[in-house]
Amino acid sequence: MSALWYLMLAVGVVGSNALVLSPIAGDVALSFAGHKPSDVLLASAVYGAITALSALTLAPKADRFGLARSVCCALGVLAAAMMISAMAPTLWALVAGQALAGLAAGVALPAAYGLTAVISKPGEESASLGKVLTGWTLSLVLGVTASSFLADAVHWRAVFVVMAIMAVGTGMLLWRAVDGLPRTGERPEAVSPLSVLRLPGLMGLLISVMAFMAAFYGLYAYLGTHLSETLGLSTSMTGMAALVYGIGFGLASSLDRLIDHFGAARAAPVVFVTMIGIYVALAVSASSAMALFVMCFVWGAVNHLGLNLLVGQLAAISPQQRATVMGLNSAVTYLAMFVGTMSFKTIFEVYGFGVAAYLSALCIVPAAGYALKTCQRRVQV
């Protein structure tokens, strides 16, 4: 199999851990006396914060250490973190396990995205990246959804044991697949993340990433709790929302070649303005589980295109400093996960899911504005 497939699996394993706590938070809370589901999501917030720190400080070293080697080693650390989470006797032990997982994810994702750009054929960068980003579909369709059923049928701790096994297996398969590839994309010196902020267009894209991810993680974190506690669905049915989202996310990969055809600058305004409308529709659909499931499909499809646009443009900014740039992307992504999860908590608990969805729509406005500005600039040129 191609190394791209194993990179897709790597993203899927990392993504499963990033997203899995939301639908099983209720089950996890039952194991820790005195804690409620929203308390369990503190582990997700800490995971996001440590991932951001790791991506900022450790990911830039991947250019020197080797992108492929970095992904494989990070998957090994992730496996250890999953076992700590599985055996956690207290909520704080679970938080510690997720913190270690964050250290691994902060290296694994930017290195995986960077390696994808290195091994892609010229003119097929967006298509290759779209294939690897489909790992997020695996994390939702197989990882999160299967985890919900596994938590119902066995125990939530079994979820983390299975993910540990998947992390080890994926790392071994990827190492074998890239063994014959040239050691491209590496540099003798690690580049400071702050030194690349002067690259043209980078700050605008990072602000867009912050807006995009805060909107997603802030709302997604409480989707499972809304479906189970407000609408009364079971843990298994709550996982179906992630399944539907993941199917939409995956099917949208067939549209990735349109980004290569029309160009990211022309496609971005359409995608981000559409995304604002989707969050408004999610707010309107908050009282109906069926309507939310339908909107989750559309949400997943458009989010796939938005993520491809952002990651693709970032990867193209500086091929020589790709891991550093992608590290900044992951740092901003998981800082947004932390900020979104924590800041949306009060909004969700006081005002409900609908108001939280409207807040997500507002978060996307900066990304849409930057995309429109960039498109106008390209047209004038």
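In segment 112-128, what count of residues is obtained for those that are under 14 Å from the mean Cα position of the chain (by Cα) and modelled with pLDDT under 80?
To start, the set of residues in segment 112-128 that are under 14 Å from the mean Cα position of the chain (by Cα) comprises 112-113.
Still in the running and modelled with pLDDT under 80: none.
Total meeting the criteria: 0.
Annotation note: of ALA88, ALA101, ALA45, ALA80, the sole residue that is surrounded by fewer than 24 Cβ atoms within 10 Å (Cβ to Cβ), under 25 Å from TYR217 (Cα atoms) and under 16 Å from the mean Cα position of the chain (by Cα) is ALA45.
In the list ALA281, ALA301, ALA267, which residue meets the criterion of being part of a helix (DSSP H, G or I), without any contact (Cβ under 8 Å) to a residue 60 or more places away in the chain, farther than 24 Å from ALA117 by Cα and not hydroxyl-bearing (Ser, Thr, Tyr)? If you could, list the steps in order and put the result at the bottom.
Values: ALA301 fails: farther than 24 Å from ALA117 by Cα; ALA267 fails: farther than 24 Å from ALA117 by Cα.
So the residue among ALA281, ALA301, ALA267 that is part of a helix (DSSP H, G or I), without any contact (Cβ under 8 Å) to a residue 60 or more places away in the chain, farther than 24 Å from ALA117 by Cα and not hydroxyl-bearing (Ser, Thr, Tyr) is ALA281.
Would you confirm, using the coordinates I've provided, whether LEU205 is closer than 22 Å to LEU140 by Cβ and modelled with pLDDT of 90 or more? Before the answer, list the steps.
Details: closer than 22 Å to LEU140 by Cβ: no; modelled with pLDDT of 90 or more: yes.
Taking the combined requirement at face value, the residue does not satisfy it.
Of everything listed in (1) among the aliphatic types (A, V, I, L, M); (2) in a helix (DSSP H, G or I); (3) in contact (Cβ under 8 Å) with a residue 60 or more places away in the chain, the single unmet condition for VAL294 is (3). Within segment 337-348, residues that are part of a helix (DSSP H, G or I) have Cβ atoms under 7 Å from residues that are at pLDDT 90 or above and surrounded by fewer than 24 Cβ atoms within 10 Å (Cβ to Cβ) in these pairs: PHE344/LEU359; ILE347/VAL355; ILE347/LEU359, counting only partners at least 6 apart in sequence or on another chain.
Would you check if there is a residue in segment 208-224 being in a helix (DSSP H, G or I), in contact with a Phe, Trp or Tyr (Cβ under 8 Å, 6 or more places away or on another chain), surrounded by fewer than 16 Cβ atoms within 10 Å (Cβ to Cβ) and modelled with pLDDT of 85 or more? Within segment 208-224, none of the residues are in a helix (DSSP H, G or I), in contact with a Phe, Trp or Tyr (Cβ under 8 Å, 6 or more places away or on another chain), surrounded by fewer than 16 Cβ atoms within 10 Å (Cβ to Cβ) and modelled with pLDDT of 85 or more.
Residues checked against (1) in contact with a Leu (Cβ under 9 Å, 6 or more places away or on another chain); (2) basic (Lys, Arg):
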position: VAL302; (1), (2): no, no
position: THR324; (1), (2): no, no
position: PHE338; (1), (2): no, no
position: LYS345; (1), (2): yes, yes
position: VAL350; (1), (2): no, no
position: LEU359; (1), (2): yes, no
position: ARG377; (1), (2): no, yes
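Just one of the numbered conditions (1) buried (at least 24 other Cβ atoms within 10 Å of the Cβ); (2) hydroxyl-bearing (Ser, Thr, Tyr); (3) farther than 28 Å from PRO60 by Cβ is not true of SER288: (1).
Of the numbered criteria (1) within 22 Å of SER236 (Cα to Cα); (2) surrounded by 20 or more Cβ atoms within 10 Å (Cβ to Cβ), the one LEU129 fails is (1). Considering only residues in segment 228-265 that are within 30 Å of ARG377 (Cα to Cα) and at pLDDT 85 or above, the one that is surrounded by the fewest Cβ atoms within 10 Å (Cβ to Cβ) turns out to be ALA252.
Every condition in (1) touching a helix residue (DSSP H, G or I) at 6+ places or on another chain (Cβ under 7 Å); (2) under 28 Å from ARG176 (Cα atoms); (3) among the charged types (D, E, K, R) is met by ASP39 except one, and the failing one is (2). The numbered conditions (1) touching a residue at least 24 places away in the same chain (Cβ under 8 Å); (2) touching a helix residue (DSSP H, G or I) at 6+ places or on another chain (Cβ under 8 Å) are all true for ARG64 except (2).
Does SER318 meet the test of being hydroxyl-bearing (Ser, Thr, Tyr) and modelled with pLDDT of 85 or more? So SER318 fails the test.
The values are calculated or read from the model by the stated rules, or taken from the named source; none is laboratory data. Here the structure is a predicted model, which means the values were calculated and not measured. Cβ coordinates were reconstructed from backbone atoms using ideal geometry, including for glycine residues, and neighbour counts include every protein chain displayed.
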